[in-house]
Amino acid sequence: MERKPALELELVHEFVSKAHGDLERVKEMLEDEPTLINATWDWGGGDFETALGAASHMGRRDIAIFLLEHGARLDIFAAAMLGKLDIVKAALTVYPNLLDTPGPHGIPLLTHAEIGGQDAAAVLDYLESLKRSS
């Protein structure tokens, strides 16, 4: 398989930054460069973030769904924010330590569920019950 050149750092940084809140710009950038979909920005100190991670901790359901529909790799933090209880339960059943694994910027799983609002209420209840029982 032929190795493709790395994406320009400035492009990755902008894409991940815009995924915190600018759906239109995310759409434009992904149309111009589809390989950005799973690009990861290194904020330093082991704090890596994808566009989906950015949308997830900001509660930007619209951006997260758009990214997932275009091939973003789903993670437990996005699943929590989106209220995907079955996915969160399955992951935590197999890997219970994920409950305390920090996401981008060190933001906990529980906070992602809180940010998800009403759509993630069942996930939040589930995570809080796990916290109480630990």
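Return the only residue of 66, 77 being assigned to a helix (DSSP H, G or I), under 23 Å from residue 110 (Cβ atoms), open to solvent by 20 Å² or more (accessible area, probe 1.4 Å) and in contact (Cβ under 8 Å) with a residue 24 or more places away in the chain. Explain how you work it out, then say what you get.
On the way: 66 fails: under 23 Å from residue 110 (Cβ atoms).
Going through 66, 77 in turn, just one is assigned to a helix (DSSP H, G or I), under 23 Å from residue 110 (Cβ atoms), open to solvent by 20 Å² or more (accessible area, probe 1.4 Å) and in contact (Cβ under 8 Å) with a residue 24 or more places away in the chain: 77.
Give the number of residues within the stretch 80-105 that are of a type outside the set (A, V, I, L, M), within 19 Å of residue 38 (Cα to Cα) and in a helix (DSSP H, G or I).
Of the residues in that region, 2 qualify.
Output the qualifying pairs, or none if there are none: Cβ atoms under 8 angstrom, residues six or more apart or on different chains, first residue in the stretch 1-22 and more than 15 Å from residue 34 (Cβ to Cβ) and in contact (Cβ under 8 Å) with a residue 24 or more places away in the chain, second residue open to solvent by less than 100 Å² (accessible area, probe 1.4 Å) and among the polar types (S, T, N, Q).
From residues that are more than 15 Å from residue 34 (Cβ to Cβ) and in contact (Cβ under 8 Å) with a residue 24 or more places away in the chain, the pairs are 16/40; 16/50.
Being open to solvent by less than 50 Å² (accessible area, probe 1.4 Å), part of a loop (DSSP other than H, G, I, E, B) and without any contact (Cβ under 8 Å) to a residue 60 or more places away in the chain, is that true of even one residue in the stretch 117-134? Talk me through it step by step, then tell me what you get.
Just the residues of the stretch 117-134 that are open to solvent by less than 50 Å² (accessible area, probe 1.4 Å), to begin with: 117, 120-121, 123-124, 126-127, 129-130.
Right, trim to part of a loop (DSSP other than H, G, I, E, B) and you get none.
Taking every residue of the stretch 117-134 in turn, none turns out to be open to solvent by less than 50 Å² (accessible area, probe 1.4 Å), part of a loop (DSSP other than H, G, I, E, B) and without any contact (Cβ under 8 Å) to a residue 60 or more places away in the chain.
Checking residue 79 against (1) farther than 16 Å from residue 17 by Cβ; (2) in contact with a Phe, Trp or Tyr (Cβ under 9 Å, 6 or more places away or on another chain); (3) not aromatic (Phe, Trp, Tyr), which single condition isn't satisfied?
With respect to (1) farther than 16 Å from residue 17 by Cβ; (2) in contact with a Phe, Trp or Tyr (Cβ under 9 Å, 6 or more places away or on another chain); (3) not aromatic (Phe, Trp, Tyr), residue 79 is out only on (2).
Restricting attention to the stretch 82-101, does a residue exist that is within 12 Å of the chain's Cα centre (by Cα) and surrounded by 19 or more Cβ atoms within 10 Å (Cβ to Cβ)? Walk me through it before giving the result.
Of the stretch 82-101, the ones within 12 Å of the chain's Cα centre (by Cα) are 82.
From what's left, surrounded by 19 or more Cβ atoms within 10 Å (Cβ to Cβ): 82.
Looking through the stretch 82-101, at least one residue is within 12 Å of the chain's Cα centre (by Cα) and surrounded by 19 or more Cβ atoms within 10 Å (Cβ to Cβ).
Considering the stretch 14-62 alone, what residues qualify as being open to solvent by 70 Å² or more (accessible area, probe 1.4 Å), within 19 Å of residue 73 (Cβ to Cβ) and in a loop (DSSP other than H, G, I, E, B)?
43, 58
Take the residues in the stretch 1-13 that are open to solvent by 60 Å² or more (accessible area, probe 1.4 Å) and part of a helix (DSSP H, G or I); name whichever of them is nearest to residue 47 (Cα to Cα).
13
The values are calculated or read from the model by the stated rules, or taken from the named source; none is laboratory data. This structure is a prediction, so every number in the text was calculated from the model and none was measured. Virtual Cβ from ideal backbone geometry, glycine too; neighbours counted across all protein chains shown. For the accessible areas, the whole protein counts, side chains as well, though only heavy atoms, and no ligand, DNA or RNA atoms are used. Shrake-Rupley method; radii C 1.70, N 1.55, O 1.52, S 1.80 Å.
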